[in-house]
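Undergrad: One structure is given below, represented as structure tokens, and several questions about it will come after.
The values are calculated or read from the model by the stated rules, or taken from the named source; none is laboratory data. Since the model is a prediction, treat every value here as computed from it, not as a measurement. All Cβ positions, glycine included, derive from the backbone under ideal geometry; neighbour counts span all protein chains shown. Surface areas here come from the heavy atoms of the whole protein model, side chains and all, with no ligands, DNA or RNA. Shrake-Rupley method; radii C 1.70, N 1.55, O 1.52, S 1.80 Å.
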Amino acid sequence: MAITTCIFDAYGTLFDVAAAAREAASEPGRDAFAKHWSKVANDWRLKQLQYTWLRAVANAHADFWEVTQNGLDWALEASGLEGDAELRERLLALYWELTAYPEVPQMLADLKARGMNTAILSNGSPDMLNGAVQSAGVQEFLDDVLSVESVGIFKPADVVYELVTKRFGCARDEVLFVSSNGWDAACATGYGFKTAWVNRAKEPVDRMPWTPAVILPDLTSIPDHAK
């Protein structure tokens, strides 16, 4: 069937998750952090994801804001920065103002011009997602922002992907699901979506039962694949 609905993961896909640490590192008086920001950003993201998986398996759900703080605390301690309370607060504040990747507004506008349904499907809590969408200025291009909080478990649980078909009344094969996480795109393939993995870091393909339909360097060509 033809694609009618284009769904995006949020963090790392539409919004640059390294932007908070990068911006903090560029601020005056943060010379010590500037030496560590890249490692902190990578560790923060990795632990954030790992904690979602662990909580899902352990049936110990918490909203994504708590998970995000837990991941940052681990990352700061791993770099010997756990005692800097002001830095922690600044990084958390900046996480609510993540920038979108440069190609995002035009790509979303092109999809809407073609009459596509567009939405975010994210582990993020509603408040976090709305803050990011408003900060990036892309709210006019999205029909909805879907959060796992409505089902109480993180991706890649099938019940999360099911939020899309319920919201838009579409078949699974009418959906193009786009994620920067290879595991997310793979599991969405297993669910029945057409998928695109935005592999900005040129990582190897995850060894899973399914693989993304297409692998792209960025989001620019998404409208060409939403057919």
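Undergrad: Just the residues that are under 30 Å from V175 (Cβ atoms), surrounded by fewer than 18 Cβ atoms within 10 Å (Cβ to Cβ) and either of a type in the set (V, I, T) or in contact (Cβ under 8 Å) with a residue 40 or more places away in the chain (or both), please, taken from the range 20-54.
TA: W53
Undergrad: So how many residues does the range 152-186 have that are assigned to a helix (DSSP H, G or I) and open to solvent by 20 Å² or more (accessible area, probe 1.4 Å)? Walk me through it before giving the result.
TA: In the first step, residues of the range 152-186 are kept if they are assigned to a helix (DSSP H, G or I); the result is 158-168, 172-174, 182-186.
Next, from what is left, pick out any that are open to solvent by 20 Å² or more (accessible area, probe 1.4 Å): 158-159, 162-163, 165-168, 172-174, 183.
Selection size over the range 152-186: 12.
Undergrad: Follow-up question, since we're still on this one. Kindly evaluate W197 against the criterion of being under 15 Å from the mean Cα position of the chain (by Cα), within 27 Å of Y95 (Cβ to Cβ), without any contact (Cβ under 8 Å) to a residue 24 or more places away in the chain and surrounded by 15 or more Cβ atoms within 10 Å (Cβ to Cβ). Don't jump to the end; show me each part of the working.
TA: Details: under 15 Å from the mean Cα position of the chain (by Cα): yes; within 27 Å of Y95 (Cβ to Cβ): yes; without any contact (Cβ under 8 Å) to a residue 24 or more places away in the chain: yes; surrounded by 15 or more Cβ atoms within 10 Å (Cβ to Cβ): yes.
Against the criterion (under 15 Å from the mean Cα position of the chain (by Cα), within 27 Å of Y95 (Cβ to Cβ), without any contact (Cβ under 8 Å) to a residue 24 or more places away in the chain and surrounded by 15 or more Cβ atoms within 10 Å (Cβ to Cβ)), W197 qualifies.
Undergrad: For the range 124-143, name all the residues that are hydrophobic (A, V, I, L, M, F, W, C) and open to solvent by less than 10 Å² (accessible area, probe 1.4 Å).
TA: M128, L129, A132, V133, V138
Undergrad: Is there a residue in the range 208-227 that is at pLDDT below 95, open to solvent by 50 Å² or more (accessible area, probe 1.4 Å) and farther than 21 Å from Q50 by Cα?
TA: Yes - at least one qualifying residue is present in the range 208-227.
Undergrad: Would you mind finding the one in L129, L146, L121 that is modelled with pLDDT of 95 or more, in a helix (DSSP H, G or I) and not acidic (D, E)?
TA: L129
Undergrad: Sticking with this structure for a sec: Could you name every one of the helices (runs of 4 or more DSSP H) located completely within the range 1-95 that has at least 3 residues being of a type in the set (A, V, I, L, M)?
TA: The qualifying helices (runs of 4 or more DSSP H) are 19-26, 37-58, 64-78, 85-95.
Undergrad: Further question: For the range 65-123, how many residues are open to solvent by less than 50 Å² (accessible area, probe 1.4 Å), within 20 Å of Y51 (Cβ to Cβ) and without any contact (Cβ under 8 Å) to a residue 12 or more places away in the chain?
TA: Total satisfying the criteria: 0.
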